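For reference, the structure discussed in these notes is given below.
The values are calculated or read from the model by the stated rules, or taken from the named source; none is laboratory data. Predicted model only: the values in this text are computed from it and were never measured. Here the Cβ positions follow ideal geometry from the backbone for every residue, glycine too, while neighbour counts run over all protein chains shown.
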Amino acid sequence: MATAVFSCCLSAFNSTVKFRASSQRQLLPSCSVICKAVSQNGSRPKRDSSSRDIQGASRKRSPRRSKDDRSVLREGYSESEGEDDGNSPSAAYRSFGLQTEDGLELDFKDPLVEPTNPKDAAFLNAVVKVYCTHTAPDYSLPWQKQRQYQSTGSAFMIGDRKLLTNAHCVQHNTQASLCLGISCFVKVKRRGDDKKYVAKVLAIGVDCDIALLSVENEKFWVGVEPLKFGHLPRLQDSVTVVGYPLGGDTISVTKGVVSRIEVTPYAHGSSDLLGIQIDAAINAGNSGGPAFNDQGECIGVAFQVFRSGEAENIGYVIPTTVVSHFLDDYERNGKYTGFPCLGLLLQKLENPALRECLKVPSNEGVLVRRIEPTADANRVLKEGDVIVSFDDVRVGYEGTVPFRSNERIAFRYLISQKFAGDVVELGIIRAGSFMKVQVVVNPRVHLVPFHIDGGQPSYFIVAGLVFTPLSEPLIEEECEETIGLKLLLKARYSLARFRGEQIVILSQVLKCNGTPIKNIHHMAHLVDSCKEKYLVFEFEDNYLVVLERREASSASTYTLRDNGIPAQRSPDLLKPYVDSVEDNEASEKDSAGSPINNLEIEIDGLVWT
């Protein structure tokens, strides 16, 4: 079976970073997701079409140019070209200041200049190259970081002295290293400039793979107009992708058409949002670059490609609807809060007998199969309800809603247009009766997170035991084979019973001195407040580890010293632990202990919303 791969288009040097897609995703249940790394010395950068390289004098240099295009270029070379159509060998030689066969020596100072159309200049000059040094956490040894690696990507100016790029271009950036004399800030460089400017990361949206940057230096913004956003394109509309792929220093322009618009898996954020599929070439380093329509308006941000033995030329662009949501979220809250969800596992109602059994009178609606305990929907919905409308928009039995004039799109699209804390109205059928209920939508709470907030995982050391929360990066780093099937199934398919719940692992810690563990901060609190002679940790399958408390405390000091560990616990665990009555009530339920059946996730008719 062919392997399908989504690749984030990030050009990196000397390192490869992998991100695994959620196993609950329906579109590509078995795909692997990688941010491709391209060696700085192992790949040849693409040459700009206006390069003065002697090899570029061949007529094969630009076979796709029309006669009109060649005439524009010819006007920019020099007045000595006269009425030549540019197809003769002498015309090619003159363009590059070489010597012709008849011995006439042409001036090598004749410059190659680009078209002077102001629109074209603004089209390209607002796109900049991004340089970043990354230092990702070491999830196996959570008190330290992994080896640094460098990458390049693309970004563009959007006004108010801000830049947009992809989250994976600047995530885990090493801004703190400046105090060590290492220039590791995120930096940007304008087209045609040899100076790099320091950029500050204002916000990172991991789930939508967008980051917002700012540059304080006044000179960076002189003489450049920000790009304007356009509307969502139509099928077969022309699209032009601009950026700095494969580590090249000169700008690259590729062109194609819009081939599909639908809710798409986002490789970096492990989320499903609206995406534009195009056939224009997108390569490593194009990440964060803009995509334009024929009017010179930005219609999205290039961010990933689809690799498969059965498909070619499939690239993806983040549309302006998602970009606008990210920017509005930042303006509303002063930070990025994320895209909301209902927290429901829904089943399509394509089977007429199933609709009749549920007393659904029309060919519409989706069945509620599971409700996340942390979602507000858990308060007003019940398993077995059928959702037939969302804010008065009818929901089809395939889980789709009307989109533009004659299209339909996944129901999740409507939810992604909302903001955290918004109230939506659902029309439902319960036991044959129609009613309307109101639900507050918020970002989903993952029991096992795909990304660590703050960048560094929490940890707590007791003697020689290192406790840390389970996360997808840790599973990826340790390999699924070594995690244990029982723990892996629980991690992938269980639901958080309350906000802040974590699976704390050595393999997995269930109890400390008989008290169920809520999260790693709770466990550290139990150890600190313990007055008993022994510390008793209970793991899966009733396995026990017993430590003498005083000896364990003494052993921790020697363990830290011998292994060069700076502290017994991560800084976030130094704060006082505050217990919550709601968390205590929720922890007594069995929701997280009974994971969703693995087979349910593989069925095409089920989808998380």
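Odds and ends about this structure:
- Sole residue being within 20 Å of Val504 (Cα to Cα), at pLDDT 85 or above and of a type in the set (Asp, Glu), chosen from Asp583, Asp572: Asp572
- Scan of the range 352-366 for residues that are part of a loop (DSSP other than H, G, I, E, B) and surrounded by fewer than 16 Cβ atoms within 10 Å (Cβ to Cβ), ordered by number: Lys359, Pro361, Ser362, Asn363
- Test: residue in the range 527-536 that is closer than 19 Å to Pro142 by Cβ and touching a Pro at 6+ places or on another chain (Cβ under 6 Å): no
- Of the strands (runs of 3 or more DSSP E) lying entirely inside the range 235-290, those containing at least 3 residues that are within 18 Å of the chain's Cα centre (by Cα) span 252-266, 271-278.
- In the range 430-477, the residues that are of a type in the set (Gly, Ala, Ser), touching a residue at least 12 places away in the same chain (Cβ under 8 Å) and either part of a strand (DSSP E or B) or surrounded by 17 or more Cβ atoms within 10 Å (Cβ to Cβ) (or both): Ser458, Ala463, Ser471
- Applying the condition of being farther than 21 Å from Asp329 by Cα and of a type in the set (A, V, I, L, M) to the range 206-247 and asking which residue is surrounded by the most Cβ atoms within 10 Å (Cβ to Cβ) yields Val241.
- Residue within the range 341-351 that is at negative phi and either within 16 Å of the chain's Cα centre (by Cα) or part of a helix (DSSP H, G or I) (or both) present: no
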